[in-house]
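The values are calculated or read from the model by the stated rules, or taken from the named source; none is laboratory data. No experiment lies behind these values; they were computed from the predicted model shown. Positions of Cβ are generated from backbone atoms using ideal geometry, with glycine treated the same way; all protein chains shown enter the neighbour counts.
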Amino acid sequence: MRRLPTLWLCPDGAAPTDSDWGLALDGVLFGSMNSPEMNVALQWGLRNFQQRKRWAEEREQLTQRIEERKWIDQAKAVLCEIKGITEAEAYDFLRKQAMNERKRIGDVSASIVKVYQLIHG
């Protein structure tokens, strides 16, 4: 993820395409722009950059949630097999264990699955 907005300064009438740059641009600046136009273009570029940054953060959070969900589902299956309980009971067990250990349910689930794989793998 780039830390600064990407702006392209180009000669008048020669706006770049994405293929010219290889990345999506946040804004384009022209040499003929006056001060107010330049200000608007810079603000627009900053706005595009911030939106792209928010999307990247949201994507990362969703990816982490999906990964955590995978661990939880695997841990429920392990608990159902070992303890002979239902999925709902397994989830309640995971939730209570996470609260008791003051950890996230995904971390507790990952630990259970890894230990199970170590023992039975």
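Here is how the numbers come out for the structure above:
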| quantity | calculated |
| --- | --- |
| Selected residue [under 21 Å from the mean Cα position of the chain (by Cα), loosely packed, with under 14 Cβ neighbours inside 10 Å and more than 30 Å from residue 3 (Cβ to Cβ)] from 69, 65, 95 | 69 |
| Which listed residue is in a helix (DSSP H, G or I) and modelled with pLDDT of 80 or more, from 4, 42 | 42 |
| Flag for residue 17 being modelled with pLDDT under 95 and exposed (fewer than 12 other Cβ atoms within 10 Å of the Cβ) | yes |
| So residue 92, is it at pLDDT 95 or above and of a type outside the set (Val, Ile, Thr) | yes |
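For (1) over 30 Å from residue 24 (Cβ atoms); (2) in a helix (DSSP H, G or I); (3) in contact with a strand residue (DSSP E or B) (Cβ under 6 Å, 6 or more places away or on another chain), each residue gets a yes or a no:
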{"site": "57", "(1), (2), (3)": "no, yes, no"}
{"site": "63", "(1), (2), (3)": "no, yes, no"}
{"site": "71", "(1), (2), (3)": "yes, yes, no"}
{"site": "74", "(1), (2), (3)": "yes, yes, no"}
{"site": "81", "(1), (2), (3)": "yes, yes, no"}
{"site": "91", "(1), (2), (3)": "yes, yes, no"}
{"site": "100", "(1), (2), (3)": "yes, yes, no"}
{"site": "103", "(1), (2), (3)": "yes, no, no"}
{"site": "111", "(1), (2), (3)": "yes, yes, no"}
